[in-house]
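Peer 1: This is the structure I have questions about; it appears just below.
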Amino acid sequence: MKSGWDIIFNKSILSVLLYLSSFFLTTWNNFAGWRIFIMGIATLFYKNLAPYFICWFANVLFWICQYRMLKYKSSGLLSIIALLLALLYPVLLIVSEQTKIFNQQEARIQIGYYIWLSSFILMVLLQVSSYKNEINLTKK
């Protein structure tokens, strides 16, 4: 019989696959996810784009959470913070004038972003369920 952690590990693979597939889909104004990922790294070096780096940091937290799941440790709070940072990206696009830097009249979020975001949502759900498993195991 599989333990709760084994089941969660198998499901976390889906979360990683969703994340990686978003790199090959258009995410924002017809940019592929991998280009947005690289642009996110570049925002670290431009003061006027610094808020976008905060959103990009969700990627780092995603991989930290995935690593912790491999080590059978939950990181529910970290995964929730990662999700909130991922959700912050479209908010910044809406309230910011930074989109004009890319010569775009309006920012269009596309399917790749939603696939990327779904990987974070799945990760949070897995972390919450792993936390429940830990509680149930300690009660027995």
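Peer 1: Order of 128, 91 from fewest to most other C-beta atoms within 10 Å? Please report the intermediate quantities before stating the final value.
Peer 2: Working: 128 14, 91 11.
So the ranking, lowest neighbour count to highest, is 91, 128.
Peer 1: If you don't mind, there's one more thing I want to ask. At a 10 Å Cβ-Cβ cut-off, how would you order 63, 34, fewest neighbours first?
Peer 2: Details: 63 12, 34 15.
Ordered by Cβ neighbours within 10 Å, fewest first: 63, 34.
Where a number appears in this text, it was derived from the coordinates with a stated rule and is not lab data. If you're wondering where the values come from, they're calculated on a predicted model, not measured in any experiment. Neighbour counts run over all protein chains shown; Cβ positions are idealised from the backbone, glycine included.
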